[in-house]
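Encoded as structure tokens, the structure appears first; notes follow it.
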Amino acid sequence: MRTTFVIGADLRETQGKGASRRLRRAGKVPAILYGGHEPPQPLILDQQNLLTMVDKEQFYSSIVQIRIGERSLPAVVKDVQMHPARNIVVHVDLQRVLENEPIRLPVPIHFRNENTAPGVKLQGGILTRVRTEVEVECLPKDLPEYLEVDLSQMNINETKFLSDIPLPPGVTIPELKQGRNTPVVSIHSPRTAEAEEAAAAEGAEAAAAAPAAAEKEAGGGAAKKEGGGKK
């Protein structure tokens, strides 16, 4: 199993909103460790330690080690809740990892040779990244840090889909199993992009104008009705 990060933790005895607020004021973060055929275990993590990790892409696609006293448990990060206005972690969800059981985890998609793709460099196209990550399923030992898509042969008006992403041995994409082969990246002409933007803008304007037009029409109908009454 590829391990990049180590997170120190203490067992959390008290729960509830009040207890969580006290932990945060003390520079700690409430967390929960679940899965692995064991009961959920509330934990206490260190705020400063987490802040050195949460901005790193690999943090969310790696096996992390949770150290509780003398024990070290492999896990994956399932969710990190950040404060909406301050740079602090509010809560972390962690899932235990078993060596012989598959896990599902989103991994980033890296695009290689973006600027040298013929559709961009020679044909003047605009590259659009439709997806920047995808969920994979595999054993912990096979978990990739990222998936890579090579654009060196990609021309204008071409699109690469999930099925075009090369996968390491033992790694699958659940979406493909479910028949959802969605676009990942495309190169299209600037005119197409402008037309799409113009159409979107027109649609937004029409949607905004529709209520006003309906109100005006309703008002006109009411005026006619009042005028008819005076006759």
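The values are calculated or read from the model by the stated rules, or taken from the named source; none is laboratory data. Just so it is clear, the model here is predicted, and its values are computed rather than measured. For neighbour counting, all protein chains shown are included, and Cβ atoms are generated from backbone atoms with ideal geometry for every residue, glycine included. Quick note on the areas: whole protein, heavy atoms, side chains included, nothing else; ligands and nucleic acids left out. Shrake-Rupley method; radii C 1.70, N 1.55, O 1.52, S 1.80 Å.
HIS110: net charge of surrounding residues, Cβ under 12 Å, Lys/Arg +1, Asp/Glu -1, itself excluded?
With Lys, Arg at +1 and Asp, Glu at -1, the net is -3.
Per residue, how much space in cubic angstrom lies within the convex hull of the C-alpha atoms of region 39-132?
Looking at region 39-132, the number lands at 167 Å³ per residue.
Between SER189 and ASP150, what is the FRET efficiency for a Förster distance of 30 Å, r being their Cβ-Cβ separation, to the nearest 0.05?
Calculated value: 0.85.
What is region 1-115's relative contact order, in percent, from Cα pairs under 8 angstrom and six or more apart in sequence?
For region 1-115, the relative contact order is 29 percent.
Taking all protein chains in place and a 1.4 Å probe, what share, in percent, of the accessible surface of region 1-125 do carbon and sulfur account for?
The nonpolar share, carbon plus sulfur, comes to 48 percent.
Quantify how much of the Cα-Cα distance distribution of region 1-91 extends past 18 Å, in percent.
Of all Cα-Cα distances in region 1-91, 43 percent exceed 18 Å.
For labels at ARG21 and THR116 in the simple 7 Å Cα→Cβ model, what's the distance in nm?
Taking the simple label geometry, ARG21 and THR116 are separated by 5.7 nm.
Roughly how many whole Å is it from the C-alpha centroid of region 153-180 to that of region 24-103?
Measuring centre to centre over Cα atoms gives 30 Å.
Please label the shape of region 1-159 as rounded, prolate or oblate, based on the square roots a ≥ b ≥ c of the eigenvalues of the alpha-carbon gyration tensor (a/c under 1.5 means rounded; beyond that, a/b larger than b/c means prolate, else oblate).
It is prolate, given that a/c is not under 1.5 and a/b is the larger ratio.
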